Amino acid sequence: MEIRAATVLPARREPIELHTGDGLRLVGELAQPLDRPPVATLVTLHPLPTHGGFMDSHVYKKAANRLPALADLAVLRFNTRGTGSERGTSEGTFDGGEGERFDVTAALEYAEYHDLPRVWVVGWSFGTELALKWAHDPLVEGAILLSPPLHRATDDDLDAWAGFGRPLVVLVPEFDDYLRPEEARRRFARVPQAEVIGVDGAKHLWVGEPYVRIVLNEIVRRVNPEAYPLPSDI
């Protein structure tokens, strides 16, 4: 069977709640391999909620639909404060990336409390800003950034990640609306351990199954290389 955009592979999927240090309840979902423990964990940070981003943004939904079965990964998705989806609406209101520091911390604390292994943070667009600003946690093995705009995240945040020392993989679409590969390589040069990968033909939202497969493969290549490359059929 060919893996298509709507393919949902077997996994243990459960609704979860996160509780922030400033007293909010956030809704999410954890997907894990069906009959074995995960080898690593993706904590995902979604695009800008004021422009349609949420835990079900398509790359993350497809990651949760496929990667537990294909790569033995746990995928934690959640709605940041004030964001809603089919799963429900998280308490609070959008805070432009500042109050969301508590949301990132709550997700990482959930992973730690539930003994989820080898945590990597995956940020997409606005989520990359949250990762760069607020994911400096000893639990985090590294971060993968999809379409970073570098609007809210500043050179100071890049310098802080450089000092943090964890790997940083940056996937930049050739035709991104905000930051394209050449400029991204210049900006991320401040982070010696950053690897910037330009993706030919891609746009900011990674629309199209070929681009989704590139993203998921690059994630797996870093987080569980034994499962790389992902199959296109099962």
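Within the stretch 138-159, how many residues are over 15 Å from residue 42 (Cβ atoms), open to solvent by 40 Å² or more (accessible area, probe 1.4 Å) and not polar (S, T, N, Q)? Residues in the stretch 138-159 being over 15 Å from residue 42 (Cβ atoms), open to solvent by 40 Å² or more (accessible area, probe 1.4 Å) and not polar (S, T, N, Q): 6 in total. Those strands (runs of 3 or more DSSP E) of the stretch 132-212 in which at least 1 residues are acidic (Asp, Glu), considering only elements entirely within it, cover 140-146, 194-199. Taking the criterion of being modelled with pLDDT under 95 and either touching an Asp or Glu at 6+ places or on another chain (Cβ under 6 Å) or open to solvent by 20 Å² or more (accessible area, probe 1.4 Å) (or both), would at least one residue in the stretch 195-214 satisfy it? No, that holds for no residue. Filtered by the rule that a residue be under 12 Å from the mean Cα position of the chain (by Cα) and more than 18 Å from residue 182 (Cβ to Cβ), the stretch 133-145 gives 135, 142, 143, 144. Just the residues that are open to solvent by less than 10 Å² (accessible area, probe 1.4 Å), small (Gly, Ala, Ser) and not in a loop (DSSP other than H, G, I, E, B), please, taken from the stretch 68-125. Once the filter is applied, which keeps residues that are open to solvent by less than 10 Å² (accessible area, probe 1.4 Å), small (Gly, Ala, Ser) and not in a loop (DSSP other than H, G, I, E, B), the stretch 68-125 yields 71, 74, 106, 107, 111, 123.
Across the stretch 6-24, the qualifying residues are those that are in contact (Cβ under 8 Å) with a residue 40 or more places away in the chain and touching a Gly at 6+ places or on another chain (Cβ under 9 Å), and the one among them that is most open to solvent (accessible area, probe 1.4 Å) is 15.
The values are calculated or read from the model by the stated rules, or taken from the named source; none is laboratory data. This structure is a prediction, so every number in the text was calculated from the model and none was measured. In this analysis, Cβ positions are derived from the backbone assuming ideal geometry, glycine residues included, and neighbour counts consider all displayed protein chains. What goes into the accessible areas is simple: the full protein's heavy atoms, side chains included, and nothing from ligands, DNA or RNA. Shrake-Rupley method; radii C 1.70, N 1.55, O 1.52, S 1.80 Å.
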